[in-house]
Amino acid sequence: MRLFFLFLLACLTASCNKPEPLYTTQSYVFGTLVDISIYGETDANSQDISNQIIREFQNLHNRLHAWRPSELSSINHAFARGDTPISIKPDLSAMIQDATRLSAQTNGAFNPAIGGLIEEWGFHHDEFAPKKVDENKIKSLVKANPQMSDIVLEDGKAFSKSSSVQLDLGGYAKGYALDIALKELNKVGVKNALINIGGNIIALGKHGDKPWRVGIQHPRKPSAIAALDLNSGWAIGTSGDYQRYFELAGKRYCHIIDPVTGYPVQGVQAVTVLIPPQNNTGVLSDVASKPIFIANPENRAQAAKNMHVENYLVIDSDSKISISPSMAKRIIWLDKDAEKHALSIQP
């Protein structure tokens with residue numbers, strides 16, 4: 001989801017002699033805004049690197065598109081037909097294996113196999129219109145119980161034991177792209193950068209002599225509710241109900257669907273997680289917020305624990321804020337009223 005940068009400027013007055021060595025560029029990929037900021041490099045070098053990263057993002061987006069012709073949609077067609085296995089490229093096979101592992105870790109709350117439900121709710125479109133769903137169709141899709149574990153990967157091919165499996169990697173791909181970007185930046189020797197894909201953000205190095213600072217978007221206001229300093233290798237991600245949604249009869253329906261009920265999650269506006277450096281930091285920043293978003297309030301701490309997430313913040317539908325003790329030590333409140341009413345989530 002959308003976060004925005006609160007950069008710590010080295011010079012704040014017109015008397016500064018030298019411009020800050022910060023290059024920024026913006027693009028649109030994965031159905032969201034992508035911001036790339038590189039510090040300490042020449043503009044020409046930063047532009048070349050940024051363009052290369054955007055090309056890689058666009059290629060990944062094209063390959064994983066869930067409702068336009070793509071590698072992923074071809075796999076889904078094969079799964080639906082239930083015919084012979086389909087060839088699959090090694091990196092996509094690895095993504096599916098990883099997503100399967102993470103789905104099991106969340107006890108199925110994160111379930112990329114429910115593309116059929118996502119489509120039925122109208123979220124396989126670039127724009128979202130109010131839609132009254134067929135309740136019997138929803139019940140049928142839930143009863144079919146598609147799971148990532150239904151997918152079999154063997155000898156460079158894939159097939160599904162259930163024809164109801166329809167892959168949608170929208171809750172995984174942005175984080176995967178962040179990890180790709182970090183590897184690319186390290187490969188070319190960039191020391192300081194910040195990559196933001198629709199609110200999933202990963203940091204490299206610093207912004208000058210201080211950490212990169214990012215703001216956490218208020219889900220119902222045009223301002224930041226708080227800020228966080230991102231040290232090198234750390235990532236932050238937010239799941240929210242305020243970008244991909246529609247309203248019908250005064251009720252908001254967001255794109256985050258509970259696989260158990262088949263309906264968009266109610267009662268939550270946003271969940272933000274902060275992830276320390278590890279092999280798949282970006283992926284976890286994308287995935288880990290989902291099971292916390294879906295969980296009932298009394299189960300959120302356990303959902304976070306299952307994902308080994310210590311730093312997280314939840315904003316309920318009534319704007320009540322809950323925050324983990326570890327996150328409370330890191331956050332910089334900008335909305336003092338929110339700070340005053342924030343409640344600690346007990347582990």
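The values are calculated or read from the model by the stated rules, or taken from the named source; none is laboratory data. Because the structure is predicted, anything quoted here is derived from the model rather than measured. FYI the Cβ positions are ideal-geometry reconstructions off the backbone, even for glycines, and counts take in every protein chain you see.
For region 217-232: of the residues being out of contact with any Gly (no Cβ under 9 Å at 6 or more places or on another chain) and within 25 Å of Ala173 (Cα to Cα), which is surrounded by the most Cβ atoms within 10 Å (Cβ to Cβ)?
Leu230
Test Leu102 against the criterion of being within 25 Å of Ala304 (Cβ to Cβ) and either part of a helix (DSSP H, G or I) or out of contact with any strand residue (DSSP E or B) (no Cβ under 9 Å at 6 or more places or on another chain) (or both), and give yes or no. Here the answer is yes, as Leu102 does meet what is asked. When Arg55, Arg101, Arg63, Arg81 are screened for being among the charged types (D, E, K, R) and surrounded by 17 or more Cβ atoms within 10 Å (Cβ to Cβ), only Arg63 passes.
Report those strands (runs of 3 or more DSSP E) wholly inside region 243-306 carrying at least 1 residues which are modelled with pLDDT of 95 or more, of a type in the set (Phe, Trp, Tyr) and crowded, with 21+ Cβ neighbours inside 10 Å. Strands (runs of 3 or more DSSP E) meeting the threshold: 251-254. For Asp229, the test of being touching a residue at least 40 places away in the same chain (Cβ under 8 Å), of a type in the set (D, E, K, R) and not assigned by TED's automatic domain parsing to the domain that holds Asp126 is passed.
Among Glu339, Glu247, Glu298, Glu310, which is the only one that is touching a Phe, Trp or Tyr at 6+ places or on another chain (Cβ under 6 Å) and among the acidic types (Asp, Glu)?
Working: Glu247 fails: touching a Phe, Trp or Tyr at 6+ places or on another chain (Cβ under 6 Å); Glu298 fails: touching a Phe, Trp or Tyr at 6+ places or on another chain (Cβ under 6 Å); Glu310 fails: touching a Phe, Trp or Tyr at 6+ places or on another chain (Cβ under 6 Å).
Among Glu339, Glu247, Glu298, Glu310, only Glu339 is touching a Phe, Trp or Tyr at 6+ places or on another chain (Cβ under 6 Å) and among the acidic types (Asp, Glu).
Give region 283-325 a look and list any residue that's among the β-branched types (Val, Ile, Thr) and more than 14 Å from Gly267 (Cβ to Cβ), or say none. Selection gives Val283, Val287, Val309, Ile323.
Of all residues in region 204-234, those being under 20 Å from Asp286 (Cβ atoms), out of contact with any helix residue (DSSP H, G or I) (no Cβ under 9 Å at 6 or more places or on another chain), in a strand (DSSP E or B) and not aromatic (Phe, Trp, Tyr) number 5. Any residue at all in region 136-143 that's basic (Lys, Arg), surrounded by fewer than 16 Cβ atoms within 10 Å (Cβ to Cβ) and without any contact (Cβ under 8 Å) to a residue 12 or more places away in the chain? Within region 136-143, one or more residues are basic (Lys, Arg), surrounded by fewer than 16 Cβ atoms within 10 Å (Cβ to Cβ) and without any contact (Cβ under 8 Å) to a residue 12 or more places away in the chain.
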